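All remarks here apply to the structure that follows.
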Amino acid sequence: MRFFSLVLLLIAILLPQKALARETLNIGLLIANKSQRAAYNQLAVQFEKAYPHLAVNYIVQDDKRYKHSIDVWLKKKKGLDVLYWQAGNRLKQFAFMNLLEPLDSLWLEQNWRDNFPSNLQNTLQHDGHIYALPYAFYQWGIYYKKSLFAKLNLNAPKTWSAFLNVCDVLKQNDIAPIVIGGKGSWSVAAWFDYFNLRINGLDFHRQLMSGNTSYTDKRVIQVFKTWKVLIDLEYIVSTADTKNWQDALPYIYHDIAGMTLLGTFAEQHIAKLRSDDIGFFRFPQIVPSMPFYEETPIEVFVIPQNAQHKEGARLFLAFVGQHEVQAQLNLALGYDSAHLYATKHHLYPSVTPAEISSSNSGIAQYFDRDTNKAMSLRGLKIMSEFLSDPNVALATSELEKVRLSTRAQTP
């Protein structure tokens, strides 16, 4: 017995200390496709090489499952160590509930306030504290087929009147001007957001998203009236019940529709098909004096309050916060890096969203990221229904009912 104990003691002494101290970081990820999974796997390999005493274990789920699971994970006694999440109200809601670890000291240690745009940092803060590391973002805009536009002598429109003219020419040539792949409703909200940003500006948009302004306000009514023009003129083909955004893209490839509003996350999908013939332009200006505020969702990592290995989690965030790491990760993800000094790999360099790099321009996240969860779920449905029944009074009054019933849920 004593001999056996002595053998165990010798093994413990001879065993490398790093192997004894090896910890596993459990990291929650929302994954959309195989290429994203490969990108994060490569990130884990790089991190484990830099920190041999730490191992990465990803808990991977799709969008719908992840958004349910994160509520459960954050409220368990023992949680995961790092979680993927999204900037804006979705982040601030969890911070308001004291479910996230404040990262002020890590931001100070890593000098991140000088490395990330200030307008981006504002989307990560609640009650004077910062709660996340941004590592990726993408911008929304309108995709179209360049050869079709050339055939019809059309240019990418910069103003609303020019946009309506493009729609009219497309329709005259038996091509649906706009296709919306709205299955699940979420992509429909981009139209509402951009109309509101282009007509009423960012400050009003933020007030509306935060629940502090009525949806029956005349400015919101004007948003829906502008949207209704496109519907009444039959410029929109809605595939809300049958097609997601990927399924809507062939409408563009085959000249069935002329344009679609999507985030630049679509580029990785487009690149496999015919990216040379697919163009991208900003949502056109409606009010001449209004700046080009953009819809720019930001992807982040957070450390839960109930994380089991917080020091290791901080090392993981510090690693991902390096500009070289972010550049390589986003090249594989098909996004852009949030770091000011990271190399950009945008497929359409002429429209690389430089707005996020300027502290003087404003960015919005997205309707379902900027509003509380209940407002998001019901609001998306109301907007989707508006496509088939463009009743402005009904849509705005229904949205207002939801706002009044959910205001207490907004931090």
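The values are calculated or read from the model by the stated rules, or taken from the named source; none is laboratory data. Quick caveat, the model's predicted, so the values are computed rather than measured. A quick note on method: Cβ atoms are made from the backbone with ideal geometry, for glycine too, and the neighbour counts reach across all protein chains shown. Only protein heavy atoms, including side chains, enter the accessible area calculation; ligands, DNA and RNA are left aside. Shrake-Rupley method; radii C 1.70, N 1.55, O 1.52, S 1.80 Å.
Descriptive notes on the structure:
- Sorting 29-36, 191-198, 279-286 by average packing, meaning the other beta carbons within 10 Å per residue, from highest down gives 191-198, 279-286, 29-36.
- DSSP assigns beta bridges within the chain; of those with both partners inside it, close to 50 percent run antiparallel.
- Taking 0.36 nm per residue of separation and subtracting the current Cα-Cα distance, fully stretching the chain between ALA150 and ASN98 would add 13.3 nm.
- Residue-wise HN-Hα couplings along the range 91-99, as the Karplus relation 6.51 cos²θ - 1.76 cosθ + 1.60 with θ = phi - 60° gives them from phi, are 6, 5, 4, 5, 5, 4, 8, 6, 9 Hz; Gly and Pro carry x.
- Most to least packed among 369-381, 245-257 [average Cβ atoms within 10 Å]: 369-381, 245-257
- Under 14 Å from the Cα of LYS145 - aspartates and glutamates, other chains or at least 8 residues apart: ASP255, GLU267, ASP276, ASP277
- Accessible carbon and sulfur surface of the range 219-321 relative to its total accessible area, %, 1.4 Å: 50
- Order by protection proxy (mean Cβ within 10 Å, highest first), peptides 94-100, 46-52: 94-100, 46-52
- Pairs beyond 22 Å (Cα-Cα), from LYS92/LYS225; LYS76/LYS381; LYS49/LYS92; LYS225/LYS401: LYS92/LYS225; LYS76/LYS381; LYS49/LYS92
- Only Lys, Arg (+1) and Asp, Glu (-1) charged, at Cβ; the chain dipole about Cα centre in debye: 820
- Amide H contacts under 5 Å for VAL56: LEU25, restricted to partners 5 or more places along the chain or on a different chain, H placed in the peptide plane at 1.01 Å from N.
- Over the chain: Rg over Rh, Cα atoms, Kirkwood Rh: 1.03
- Entries in LYS171/LYS243; LYS34/LYS243; LYS158/LYS373; LYS158/LYS228; LYS67/LYS243 that, when Cα-Cα distance is taken, lie over 24 Å: LYS158/LYS373
- Rounded percent of accessible protein surface that carbon and sulfur make up, the range 9-158, 1.4 Å probe: 53
- Structure remark: mean-square fluctuation, Gaussian network model of the chain, C-alpha springs under 10 Å; the largest value among SER105, SER187, SER384 belongs to SER105.
- The alpha-carbon of LYS77 sits under 18 angstrom from the alpha-carbons of these lysines, leaving out residues fewer than 8 places away in its chain: LYS310.
- Residues of the chain: accessible area per residue with a 1.4 Å probe, Å²: 45
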